[in-house]
Amino acid sequence: MFSKIQINKSTKNYSQQIEQIKDKLNNADAVVIGAGAGLSTSAGFTYSGGRFYKHFSDFAERYGITDMYSGGFMVMRYPPEVFWAYWSRFILINRYEKAPKPVYDDLLKLVKDKNYFVLTTNVDHQFQLAGFDKERLFYTQGDYGLFQCSVPCHNKTYDNYDTVIAMMEQQKDMKVPAELIPRCPVCGKPMTMNLRSDDKFVEDGGWQKAAERYNTFINENKDKNIVYLELGVGGNTPGIIKYLFWQLTAQNENAVYACINLGESFCPNEISDRSICVNADIGKVIKDLLE
């Protein structure tokens, strides 16, 4: 549908782009937020550097782990007591604690009085922690806060907060007690995080209802004055948000595509006349939109 040539929308300066987005949001009948990892990065959820060493310096020293992301794979080679010591820390700081910077809080201020819906590939639950209406959220790729059977033998997920806290409190020497290792209550096999990485991802009842609410919202508003606000979506899974937003914008002459992404802000030529692509930090842009 789209040409291979993509353009950076840079014909307007930054202040003009901010005013243009403000105007489109103020006059929109609906706003669909598409959020990727760049949004959480802007909010301070970095997986390397000082934040990594603050929480995982012992794992770095013993196992040679250099960042949280690669560490999640590296610990798979070690016993489950070590694996869950690592992942309980990871889940606690990246799911149950709020992001260091108030980017999500500011985003809520921007859209709270609007007809909005959020589609996100993020699994850190920061939208709900910031106060977004959970009925207006669709986490397509899962949730760090949920366990599922690793097989899976049944289509259900389980809240993991109590287990994670117990693991954090009782781990010693980078190991959790064996009795805390989560196992499926149905088949007894190991539990895992409810994260989409292969065909074993469980789309439970909550996921199905969120998908239905999202599809209903899109169908009810697809022909109206609608802003598709893409925040920090990279190239890992562009089909879920980016390509979809391009397609929906192309199909509706009343639609506007607004992409905010430091270093990756672009659009196809076919919708460039109804696109606003801002190459800047998301947190800064949101603050400026609030002024």
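The values are calculated or read from the model by the stated rules, or taken from the named source; none is laboratory data. Keep in mind it's a predicted model, so treat the numbers as computed, not measured. A quick note on method: Cβ atoms are made from the backbone with ideal geometry, for glycine too, and the neighbour counts reach across all protein chains shown.
Close contacts from the stretch 13-30, counting a first residue that is assigned by TED's automatic domain parsing to the domain that holds N254 and at pLDDT 95 or above and a second that is assigned to a loop (DSSP other than H, G, I, E, B) and not acidic (D, E), with Cβ to Cβ under 6 Å and a gap of 6+ residues or different chains, come to A28/N225; D29/K224; D29/N225; A30/N115; A30/K224. Scanning the stretch 192-207 for residues that are closer than 17 Å to I91 by Cα and not basic (K, R), we see that the one that is surrounded by the fewest Cβ atoms within 10 Å (Cβ to Cβ) is S197. The set of residues in the stretch 214-234 being charged (D, E, K, R), surrounded by 15 or more Cβ atoms within 10 Å (Cβ to Cβ) and at pLDDT 95 or above consists of E230 alone. Within the bounds of the stretch 176-186, is there any residue that is part of a helix (DSSP H, G or I) and without any contact (Cβ under 8 Å) to a residue 12 or more places away in the chain? Within the stretch 176-186 (the criterion being part of a helix (DSSP H, G or I) and without any contact (Cβ under 8 Å) to a residue 12 or more places away in the chain), the answer is yes, since at least one residue qualifies. Within the stretch 226-256, the set of residues being outside any helix (DSSP H, G or I) and hydroxyl-bearing (S, T, Y) comprises Y228, T237.
Residues are listed down the side, and each one gets a yes or a no for (1) assigned by TED's automatic domain parsing to the domain that holds L108; (2) in contact (Cβ under 8 Å) with a residue 40 or more places away in the chain; (3) closer than 18 Å to P190 by Cβ:
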{"position": "H125", "(1), (2), (3)": "yes, no, no"}
{"position": "F132", "(1), (2), (3)": "yes, no, no"}
{"position": "R136", "(1), (2), (3)": "yes, yes, no"}
{"position": "V151", "(1), (2), (3)": "no, yes, yes"}
{"position": "Y161", "(1), (2), (3)": "no, yes, no"}
{"position": "V164", "(1), (2), (3)": "no, yes, yes"}
{"position": "Q170", "(1), (2), (3)": "no, no, no"}
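Identification of strands (runs of 3 or more DSSP E) wholly contained in the stretch 70-169 with 1 or more residues that are more than 18 Å from the chain's Cα centre (by Cα) yields 142-149, 157-159.
For every residue, the table says whether it meets (1) touching a helix residue (DSSP H, G or I) at 6+ places or on another chain (Cβ under 9 Å); (2) farther than 21 Å from F73 by Cα; (3) not acidic (D, E).
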| residue | (1), (2), (3) |
| --- | --- |
| C149 | no, no, yes |
| D159 | no, yes, no |
| V164 | yes, no, yes |
| M193 | yes, no, yes |
| D204 | no, yes, no |
| W207 | no, yes, yes |
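Of all the numbered requirements in (1) in contact with a Leu (Cβ under 8 Å, 6 or more places away or on another chain); (2) assigned to a loop (DSSP other than H, G, I, E, B); (3) within 17 Å of G36 (Cβ to Cβ); (4) not small (G, A, S), F201 misses one, and that requirement is (3). Answer with yes or no whether G36 is surrounded by 14 or more Cβ atoms within 10 Å (Cβ to Cβ), at pLDDT 95 or above and closer than 24 Å to E179 by Cα. When the stated conditions are applied, G36 does not pass them. Does K242 meet the test of being assigned by TED's automatic domain parsing to the domain that holds V118, basic (K, R) and buried (at least 17 other Cβ atoms within 10 Å of the Cβ)? Yes, satisfied. Please verify whether the stretch 267-274 includes one or more residues that are of a type in the set (G, A, S) and part of a helix (DSSP H, G or I). Checked the stretch 267-274: at least one residue is of a type in the set (G, A, S) and part of a helix (DSSP H, G or I).
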